[in-house]
Every structure is written in C-alpha cells, then in structure tokens.
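Everything below concerns the one structure shown next.
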Amino acid sequence: MTKSFDVVVLGLGAMGSASVFQLAKKRKRVLGIDQFSPPHQLGSSHGDTRIIRQAIGEGEEYVPMVLRSYELWREIEASTGKQVLSITGGLIMASTKSEASLHGSNGFLNQTIRSAQKFGIDHSLLDAHQIQSRFPQFHLAGDEHGYYEPAMGFLFLPAANGVTVKTSAGRYTADRLVVSAGSWIGPFIGQDLAPCFKVYRQVLYWFEAKDSIDAYGPGNFPIFIWQFGGHHDDFIYGFPAIDASDGGIKVASEQHIVDTDPDGVDRKVHEEEISEMYRNYIRERLPGLSQKCVRAAVCLYTSTPDSGFVIDFHPQNRGVLIVSPCSGHGFKHSAAIGEVVADLLIDGRSQIDISKFRINRFSGNSS
Ligand SMILES: Cc1cc2nc3c(=O)[nH]c(=O)nc-3n(C[C@H](O)[C@H](O)[C@H](O)COP(=O)(O)OP(=O)(O)OC[C@H]3O[C@@H](n4cnc5c(N)ncnc54)[C@H](O)[C@@H]3O)c2cc1C
C-alpha cells in the first residue's frame, strides 16, 4: 500500500526533527523516517549539550540564522514547558600566535568581533589580564585576547530516550527505565558497570532469652550497633524482641569476604553457622541470650567498593536511572529515595543533594 505525504524527511537528527516540526506546524502532511530510534547516540546530535553563540565566528552569513534560532528555542520552551536553552555568558579567546582556522574560518576571534559589531550584539573585549582576573579557573599564557558575549550559552539535547523492556509476560516501551533490581542489578546495566556491585550473603539470627524476654522488649532494650574489632566486619547489631516470648531477639553481623550471586546463593542457614555466631559474637557480649536459635534467615547485601549508594543515570543511556542503595544501609532512606527518583525523572534534578552517589566515582565514566 502506498501512503501519501506532502514531504518525507529522511533522517531525524537535529536538522530533520526541526524540519518535521516546522512543516507540521505549517500544516503539511509530513513523514519523518530514521534508521534508528531518535534521539539516539549514534549520529551527531547527542552528548547532553551544544554551545550556542550569537556573533558567529564562522561568518556573518550565519548570524540571522542563529538569532532566529534563539527565538525559536524560546518558543519551543514555552510550548513544551521544558528548558532547552541556558544562557551562561561565553568567552572566546585566542593566542596572538594562533593562526589556525576554526570551522573553516581564518581569524575566528576577529570574525566573531566583526559579526558582533555588524549586528549590534552585546559584548566586551578582554585582554589576558582581564580574562585571568575574571576567570581564574583558566591558566593563560599571557598573550591571549578575548571576546565575552553575555548571550552565549548552551542548548540541552534531548536525552536518548525510549527503552524497551522484554519480559516473559510481554514487551513494554517507556521513555525511562528505573533499574532498582537490588542484587540482580548486574545484567541490566552492562558488563562495564556490573563489577561495581558485589553481592554478599548475610545471615540474621533470632536467639532465645535465657530468662524472661521482657528485659529485651522495646522500652527495656534498644536497637544497637556494636563495633568491637579491627576489621570492618567485627561488629554486631540487634533489635528489641518484638514477638512473643518464643520469638527470640534478632541479632546479626556482616561479612564482606565471600561474594556470591543472587540465584546461586545458599539460602539455608546451617547449624555450624548458628553455633559459630553464638560462640564468636553473642555468648560473651549478650550473656542473657541462650544458644537456642529460634529462627534464622539469609539476606543479600549489594555492595559497592566504598559501601555508598548509587543513584545516577546510566553513563551510556540517560534514559536509564540506576538506583542501588543497599550496601546494608539503604532501607531507612527508601521513602525519600522514591521521591528523589520521581524528581530526577520529572524535573531532571532532586531537592536532596545526591551528587555523592554518582557511578562515575568507580568507573571514571562521565554521567
Ligand atoms: C561532538 C560534537 C560536538 C558539537 N558541538 C556543537 C556545538 O557546541 N554547537 C553547535 O551548534 N553544534 C555542535 N555540533 C554540531 C551539531 O551537533 C550538528 O551540526 C548537528 O547535530 C547535525 O545534525 P544532523 O541532523 O545533520 O545529523 P544527525 O544528528 O547525525 O542526524 C542524521 C540522522 O539521519 C539518520 N539516517 C541516516 N541515514 C539514514 C537512512 N538510510 N535511513 C534512515 N535514517 C537515516 C540517522 O540515523 C540520524 O538520526 C557538534 C557535533 C558533534 C558531533
């Protein structure tokens, strides 16, 4: 079957998608075709941001186009409610010795100045000393000249979005994916990042009180964390007894020596482990507890090299948010982390500072 359009646009990067948008706005029947699923990371229109400047150093002929683009970016912001353009001010500087052309323009800095003068674009000219004192972050050779334009800034590129999740129950597409798969996280984030997360088997024990359990009930006995040795696993923690007298008192330690995988882990708690726990950790420190263990359970820690959380977009796909706050201390934060996730996905930032939880602290990848 042949379908008919006014225009077919082949390629939906920055240029093609802007063309489709304008044609559709002018009520043309337009079809956009792309070999991939834009916005993708395979062509020229990805990588978070692009510089925008008014006085174009590549040539004066570009200035009317960029000035119109500024207007249109603002219109797009107004109609979508999303920030596209961020004005930061911008500096172009060149050494007096620099003779190389940039983007085909010999004397890029001088052409920038000529474009600004011709189109009345607000700017200031700076010598090396002025640049250095205004922006001490740069270490200049001393022979630079600079052009500062307050209206320069950057454009946000659309995040490569669109994820497809295939399950045995079906295939689902969405703009974003939150990977909060705990100890099973590895296969979902790729082999570069998976080694940042190791899984450790832990055991929880409920030991019976020798005498009345009342001494260990809430009000008489606190939650506790007790460090006693030189190794980071030399500690125990515990809770007040919350069940009936036969419920026991919950105590545990941690181990970060033998890692495991969540599907192959031994889920059974063995008698030897119980006796070892009682002998090595409990008997002397909580002498009111008997060696009778009324209950035990295996639990999994998903630990990072520094035991900190990871809440960050995937470095290779900003559509995927990795949420891995475990390392044995995450649950208390889960209510707020749900809110952080929603803020990140809806507003692009969270009220709570999560900059310490970036994944590039392990991989060196930028995110
Ligand atoms: C690293 C980098 C930094 C840059 N920095 C800046 C900057 O700071 N400021 C600035 O103004 N510009 C900058 N640019 C330039 C700017 O990003 C590009 O000019 C612009 O993105 C080009 O868009 P495009 O649509 O022509 O190409 P693309 O984004 O590559 O789009 C082409 C599309 O065509 C599709 N396609 C191709 N063949 C087929 C086919 N056979 N069937 C179906 N679809 C097909 C592709 O899949 C692709 O989606 C930068 C570019 C890069 C790469």
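Enter the accessible area of M93 (Å², nearest 10), with the probe set to 1.4 Å and all protein chains included.
Counting only protein heavy atoms, the figure is 60 Å².
Between L157 and A297, what's the calculated FRET efficiency when r is the beta-carbon distance and R0 is 56 Å? Round to 0.05. Don't skip to the end; give the middle numbers.
On the way: r = 47 Å, r/R0 = 0.85.
That gives a FRET efficiency of 0.75.
As I understand it, the dipole of the stretch 225-274 uses +1 on the Cβ of Lys and Arg and -1 on the Cβ of Asp and Glu, about the Cα centre. Which of Q227, I242, P262 lies farthest toward its positive end?
I242
Accessible area per residue of the stretch 201-299 at 1.4 Å probe, in Å²? Spell out each step's value before the answer.
Numbers: 5830 Å² over 99 residues.
About 59 Å² of surface per residue is accessible.
Taking all protein chains as present, what is the carbon and sulfur share of the accessible area of the stretch 49-156, in % to the nearest whole number, probe 1.4 Å? Each step should come with its number before you reach the end.
Values: 3540 of 6440 Å².
Using a 1.4 Å probe with all protein chains present, the stretch 49-156 comes out at 55 percent carbon and sulfur.
Let me spell out the model: positive unit charges on the Cβ of Lys and Arg, negative unit charges on the Cβ of Asp and Glu, origin at the Cα centre of the chain. What dipole size does that give, in debye rounded to 20?
On the way: 35 positive and 40 negative charges, 265 e Å.
The calculated dipole for the chain is roughly 1280 debye.
Whole angstrom only: what separates the Cα centroid of the stretch 49-92 from the Cα centroid of the stretch 1-30?
Computed from Cα coordinates, the inter-centre distance equals 23 Å.
Label H256 and R171 with points 7 Å out from Cα along Cα→Cβ: what is the distance between them in nm?
Taking the two extended label points, one gets 4.2 nm.
Can you tell me the length gained on complete extension of the stretch T80 to M65, counting 0.36 nm per residue apart and subtracting the Cα distance?
Details: separation 15, 0.36 × 15 = 5.40 nm, distance 2.20 nm.
Answer, rounded to one decimal: 3.2 nm.
For the chain, the longest stretch holding no chymotrypsin sites (Phe, Trp or Tyr not before Pro) located in a DSSP loop with at most 16 other Cβ atoms within 10 Å is which? Mind dumping the intermediate values first?
Numbers: sites that count: F5, F36, F138, F228.
Longest stretch, sites excluded: 229-367.
Within the chain, which complete DSSP H helices have Cα atoms spanning at least 18 Å along the helix axis and a mean Kyte-Doolittle hydropathy of 0.5 or higher? List each step's numbers first, then the result.
Values: long enough: 63-80 (26 Å, -0.08); 334-347 (19 Å, 1.34).
Flagged H segments are 334-347.
Gain in length, N110 to W184, computed as 0.36 nm per residue apart minus the alpha-carbon separation, to one decimal in nm? Don't jump to the answer; show the numbers that get you there.
On the way: separation 74, 0.36 × 74 = 26.64 nm, distance 5.69 nm.
Here the answer is 21.0 nm.
Multiply the residue gap between E339 and K26 by 0.36 nm, knock off their C-alpha separation, and tell me the result in nm, one decimal place.
Details: separation 313, 0.36 × 313 = 112.68 nm, distance 4.04 nm.
Stretched out fully, the E339 to K26 stretch lengthens by 108.6 nm.
What is the mean projected area of the alpha carbon convex hull for the chain, to one decimal in square nanometres?
Values: hull surface 116.0 nm².
Averaging across all directions leaves 29.0 nm² for the Cα convex hull.
For the stretch 49-156, max minus min Cα coordinate along each principal axis, in Å, sorted largest first?
46, 30, 23
Going by the alpha-carbon gyration tensor, a ≥ b ≥ c the square roots of its eigenvalues, is the stretch 201-299 rounded (a/c under 1.5) or, if a/c is not under 1.5, prolate (a/b greater than b/c) versus oblate?
Numbers: a/c = 1.91, a/b = 1.48, b/c = 1.29.
Taking the square roots of the gyration eigenvalues as a ≥ b ≥ c, the stretch 201-299 is prolate.
Looking at the stretch 176-277, which trypsin sites (Lys or Arg not before Pro) are in a loop (DSSP not H, G, I, E or B) and have at most 15 other Cβ atoms within 10 Å?
Sites meeting the loop and neighbour criteria: K210, R267, K268.
What shape does the stretch 1-46 have by the C-alpha gyration tensor, where a ≥ b ≥ c are the square roots of the eigenvalues, rounded means a/c under 1.5, and otherwise prolate means a/b greater than b/c and oblate the rest? Write down the numbers at each step before the final one.
Working: a/c = 3.48, a/b = 1.54, b/c = 2.25.
Oblate shape, in that a/c is at least 1.5 and b/c is the bigger or equal ratio.
The values are calculated or read from the model by the stated rules, or taken from the named source; none is laboratory data. Bear in mind that the values here come from a model prediction, so they are computed numbers and not experimental data. As a convention, Cβ positions derive from the backbone with ideal geometry for all residues, glycine included, and neighbour counts pool all protein chains shown. Just so you know, the surface numbers come from the protein's heavy atoms only, side chains and all, with ligands and any DNA or RNA stripped out. Shrake-Rupley method; radii C 1.70, N 1.55, O 1.52, S 1.80 Å.
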